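Working notes, beginning with the structure itself.
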Amino acid sequence: MRLPRGAGLGRLAAGALRSSQQHVCVSGRAAASMAEEAKKLAAYAAVDNHVQNNQVVGVGSGSTIVYAVDRLAERVRQEKLNIVCVPTSFQARQLILQHGLTLSDLDRHPELDVAIDGADEVDAELTLIKGGGGCLTQEKIVAGCAKHFIVIADYRKDSKALGQQWKKGVPIEVIPMAYVPISRTIAKRFGGEANLRMAVSKAGPVVTDNSNFILDWKFEHAQNWKEVNTAIKMIPGVVETGLFVRMAERAYFGMEDGSVQFRDAPIN
């Protein structure tokens, strides 16, 4: 039976579309795999270069820190290290316990030798945006208690200026009753908009480990981040910001070619 004119073309087009979709899917998987390997490389470099025997280590949160804890546990077993770990979140606490590492807290160990954590974005001066996972307050507390704060990330997180790569804004943890006036104040004083972060798998807003809400401030242009960070923290009801200014000592970046690059904070 003869096909109507154009019918075969439609079938070929559909086949070409499926082929294109499969190519995009494979490319996406390859990119994701490359990024995961880059995270692992950065994490291993940081743990190998900055963790020594008889240290108290702050353990950050997020996907990159999983590899750091893997490597930390491996070194503890192989080298018989005496390491105490202080978590920045419930997730970090569970990672520490799952790997059989010694868990502690800031009550028992208020001063840490080193803290290792990821970042959503790192600029040329090692100013960070953190809090994409919602743990910014505890992450900043732990980092502030450490003699050395080391950042680990993949190549996608490296920027010349904040906002270049990370488009979701600066996370700001706030007391729930104050989120509307805080949002209005930030938009009025600094431009852009600060939106309440909504949960994905449940109805309602994201609730932090501290039972607070998070605003994501999408700023319009580069700012003096030190001044802005201080000013936002002075707004009544703000608990903490995801701006980490002059805190990180060094950042490790796992690169696409399998190498690891690092950048030190400028000397002030």
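Can you confirm whether region 97-114 contains a residue that is among the β-branched types (V, I, T), over 19 Å from D209 (Cβ atoms) and under 22 Å from the mean Cα position of the chain (by Cα)? The answer is yes, given that some residue of region 97-114 is among the β-branched types (V, I, T), over 19 Å from D209 (Cβ atoms) and under 22 Å from the mean Cα position of the chain (by Cα). Could you tell me which of the residues V228, V206, V174, V239 is closer than 23 Å to G118 by Cα, crowded, with 16+ Cβ neighbours inside 10 Å and under 18 Å from the mean Cα position of the chain (by Cα)? On inspection, the qualifying residue turns out to be V206. Per the listing I141, I116, the residue uniquely outside the structural domain of S211 (by TED's automatic domain parsing), touching a His at 6+ places or on another chain (Cβ under 9 Å) and either part of a loop (DSSP other than H, G, I, E, B) or not small (G, A, S) (or both) is I116. Could you check region 254-268 and list, in sequence order, the residues that are on the phi < 0 side of the Ramachandran plot and not aliphatic (A, V, I, L, M)? Result: G254, E256, D257, S259, Q261, F262, R263, D264, P266, N268.
Tally the residues that are touching an Asp or Glu at 6+ places or on another chain (Cβ under 7 Å), outside any loop (DSSP other than H, G, I, E, B) and crowded, with 17+ Cβ neighbours inside 10 Å, restricting the search to region 147-164.
5
I'd like the full set of residues that are over 18 Å from I175 (Cβ atoms) and touching a strand residue (DSSP E or B) at 6+ places or on another chain (Cβ under 9 Å), limited to region 200-219. Listed by number, the residues that qualify are K218, F219.
The values are calculated or read from the model by the stated rules, or taken from the named source; none is laboratory data. Note that this is a predicted model, so its numbers are computed, not measured. For neighbour counting, all protein chains shown are included, and Cβ atoms are generated from backbone atoms with ideal geometry for every residue, glycine included.
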